[in-house]
Amino acid sequence: MGNRLSEAVFSFKTKILNSKLNQLHKNAQENLNQNSLDDLNFKRRQNLVQHAIKKSSFYAEKYKNLNLENGAILSTQDFLNLPPLTREEIKENFNKIKIQKLKSGNYRTVRTSGSTGNPLTLLHDKRHPETPIRWRILKWWNIEPWENQAFIYRYKKTKLKRLTNEIMWWPTKRVFLAAANPSQEDLNKFVTKFNRIKPTLLQGYVDVVFEFALYLLDNNIKIHPPKMVWVTSAPLFEEQREIMQKAFGAPVCDQYGNTEIMLIAAECPKQEGLHIMEDTVHIEFVDKNNNPVPPNTTGKILLTDLTNYAFPLIRYDIGDEGAYMDKKCSCGKNLPLMQNVRGRQAHNIKTPSGLTIKGDHLMVMFDGYMKHFKEIQLQQEADFSVMLNYVPRQNNKPIEKVKEMAILLEKRSRSEIKVKPKEVQKIKQVGTKKPLIVNNLK
Ligand SMILES: [Zn+2]
């Protein structure tokens, strides 16, 4: 009964009160029926580049010597000739990148967490919200937008925000948990409300959702299984995924997104890779000369947001690495696949002789150990030594395990660095994230 009402109110709100969102949602669905998504994607890149050159003094200047005909890219090769956009450029040219004469209602200012030590300010285009893509992903998992949902954040929302949120979504119910040191009472309340409203979606940052999963397992608490658990904001250990699936009795959907571009790729229930939202984002995997690498080969990720006409991001070098996959998903969707993104290239361990141990390799190396910890973090100091900081699970003394991990890492560094395990209460937070590697070198 509740669901019917929720659906009816939801349809009314989107169709009548927010007909624009409804239209965007329809368009997003229709995009997928196009024979050639590649063509649509390229047309959108052409339009974006032309727009950027005309309306952003930064891009007019940056592309000045490329002799683009009428300020447009005509071929895919033209696009590959565009020099990538760096984080430093965004930091230094905010006002020049921003489109001229932008109406204040058309954009929203966002700030990245600065997990690479360098927070950025940029704009999202409110004319092209990410909601339709969010609904697309939920639909894959058989979740309707009007169904009840649960969220785990790191911070408490203000009372006003919670109230606005409740009114906006009424009668769909949403339950929130602020995961920064939740008290026993907070957790009990959350579990009770969760089991009462039976949300079909549980969403949150990887580390806090994982912590909640451990809490349920360690205390033998059962929750009503949602249809899907959606984790964001950090790479996911395979083992964390298994533990979460066990605790929640539901599949965990891995996705790729960030503050700059929120929804880039996500898994469908087949989980054969992440489907790239090719109609709204263009993603490239390139070598150090910014030329495409072959499929299944790890390359630097360059991102182009095809819907941000307020603050264009074209071939943006975000500092992540990933790979295209050379196969179609058995679900039959025509959105191409990429591999899960495991770690940022900015987060590596380095040895005195110049050897680099990548974050994603460490994630593979430590898989199999993660079940013993709430959290771990590697902190490399100026003398190259590495602190292996860990927060054990309740009633757990994983000292033998942590010693094994330290030995693995020392071996991997060809014994060039010393690794010291250290039990801590909490690992270091950088911005809103808790990175696997904190590097204090140089
Ligand atoms: Zn699929």
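Every read-out reported here was derived from the displayed coordinates using simple, explicitly stated rules and does not represent laboratory data. Small disclaimer: the values here were computed from a predicted structure and weren't measured. Here the Cβ positions follow ideal geometry from the backbone for every residue, glycine too, while neighbour counts run over all protein chains shown.
Note on the chain: with charges restricted to the Cβ of Lys and Arg (+1) and Asp and Glu (-1), its dipole about the Cα centre is near 1520 debye. Extending 7 Å from Cα along the Cβ direction at residue 160 and again at residue 242 yields two label points whose distance is 4.8 nm. Ordered by the count of other Cβ atoms within 10 Å of each Cβ, fewest first, 42, 12, 366, 210 give 12, 42, 366, 210. A protection proxy built from the mean count of other Cβ atoms within 10 Å ranks the segments 184-196, 328-340, most packed first, as 328-340, 184-196. Using the alpha-carbon centroid of each, what span in Å lies between the stretch 400-415 and the stretch 27-61? Answer, in whole Å: 48. Ranking 67, 46, 12 by Cα position along the charge dipole of the stretch 10-73, where only Lys, Arg, Asp and Glu carry charges on their C-beta atoms, puts 12 farthest toward the positive end. Simple rule: put +1 on each Lys or Arg Cβ and -1 on each Asp or Glu Cβ in the chain, find the dipole, and look at 255, 106, 334; the Cα lying farthest toward the positive end is 106.
If you take the Cα centroid of the stretch 275-289 and the Cα centroid of the stretch 309-381, the two points sit 15 Å apart. Think of the stretch 352-442 as a dipole: +1 on every Lys or Arg Cβ, -1 on every Asp or Glu Cβ, centred on the Cα centre; then among 424, 365, 440, 424 lies furthest on the positive end.
Distance from the C-alpha centroid of the stretch 79-95 to that of the stretch 216-255: 37 Å, rounded to the whole angstrom. Of all the options 219, 308, 258, the one that moves most in a Gaussian network model of the chain with Cα springs shorter than 10 angstrom is 219. With a point put 7 Å past each Cα toward its Cβ, work out how far residue 395 is from residue 131 in nm, to one decimal. Placing both labels 7 Å beyond Cα along the Cβ direction yields 4.7 nm. Legend: P(r) of the stretch 348-439 from all alpha carbon pair distances, 10 Å bins from 0, whole percents, reading 17, 54, 27, 2, 0. Ranked by how many other Cβ atoms sit within 10 Å of their own Cβ, fewest first, the residues 358, 434 fall in the order 358, 434. Which entries of 371/403; 358/428; 189/227; 64/126; 193/222; 288/333 have Cα-Cα distances beyond 23 Å here? Among 371/403; 358/428; 189/227; 64/126; 193/222; 288/333, the Cα-Cα distance tops 23 Å for 64/126; 288/333.
Note on the chain: Cα-only Rg and Dmax are 22.6, 67 Å.
How large is the charge dipole for the stretch 102-152, taken about the Cα centre, if only the Cβ atoms of Lys, Arg (+1) and Asp, Glu (-1) carry charge, to the nearest 20 debye?
My answer is approximately 240 debye.
For the residues 55, 13, 103, a GNM of the chain with alpha-carbon springs under 10 Å puts the largest fluctuation on 103.
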